[in-house]
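Where a number appears in this text, it was derived from the coordinates with a stated rule and is not lab data. Every value quoted in this text rests on a predicted model; they were computed, and no experiment measured them. A quick note on method: Cβ atoms are made from the backbone with ideal geometry, for glycine too, and the neighbour counts reach across all protein chains shown.
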Amino acid sequence: MPRSFLPTCLAVVLGVPVAANAQQADSAAAAARARWQSSLAAFEAADKLARPSDGGVLFVGSSTIRLWDRLSQDFSQLPVVINRGFGGSTMDDCGHFARQLVVAYRPRHVLVYAGDNDLAEGRSPAQVLESFQAFVRTVRAELPDTRIDYISIKPSPLRAALLPRAREANALLAGYVATLPNAGYIDVFTPMLDGAGAPRADLYGPDRLHMNAAGYALWRSVIAARVTTPPAPLESPSPALATRAVSTSPR
């Protein structure tokens, strides 16, 4: 057997799973784009009318974020609040569209809520963690100084059977976030349980999945302490100093 034959065989054999994985990833990305085409188009249309300024606080995730109608009012102390929730989305979807929905706006702070739909669709807590890790890598690659907070998976009465998996996923995500600089884990799971450890029905609407006004009020109270206003800009120098600074600056 020629000596060059073995490496060639190995390359072919090892290349099969690599190619297959790449093909699967491309297929998954294409399916995600097709599924969320209308939502992405709506965001693009909104940006054409009034694009948010850079340096804002951006919320991204599933319908819990999308349905937060009073998000800007609830955080009115912040100059720029951006809602990029798209209903029914998963943590995996957020990873697919991190560049479009997060990086493109260059926020100083990102808050992510996703994961319960992943569990409902049969993904494991470990897979939710992997999807969030991919999301973080994408954001940090281009926005290394942006803060990232993960909002824990909430305990919905409709999905009470998923509580053990939600607890496991939350523990994995909290552990991972603890290893990251400039990041945090926001626990909304615990305050949304009653004294018996069951989801509080009073925080949800008739579908027992999406929150009512009381639920969002609770979220605001928990999250408000984690978002801060940006520092005030430095005062502009006097015209004389400004002229002097311009004239002496290197070209």
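Quick look at the numbers
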| read-out | value |
| --- | --- |
| Cα→Cβ-extended label distance, 7 Å offset, between Thr179 and Ala213, nm | 4.4 nm |
| Stretch gain in nm, segment Leu162-Arg106, where the contour uses 0.36 nm per residue and the Cα spacing is subtracted | 16.7 nm |
| Chain lengthening between Glu44 and Leu193 when straightened (0.36 nm per residue, less Cα-Cα) | 49.9 nm |
| Cβ charges +1 (Lys, Arg) and -1 (Asp, Glu), total dipole of the stretch 55-226, debye | 280 debye |
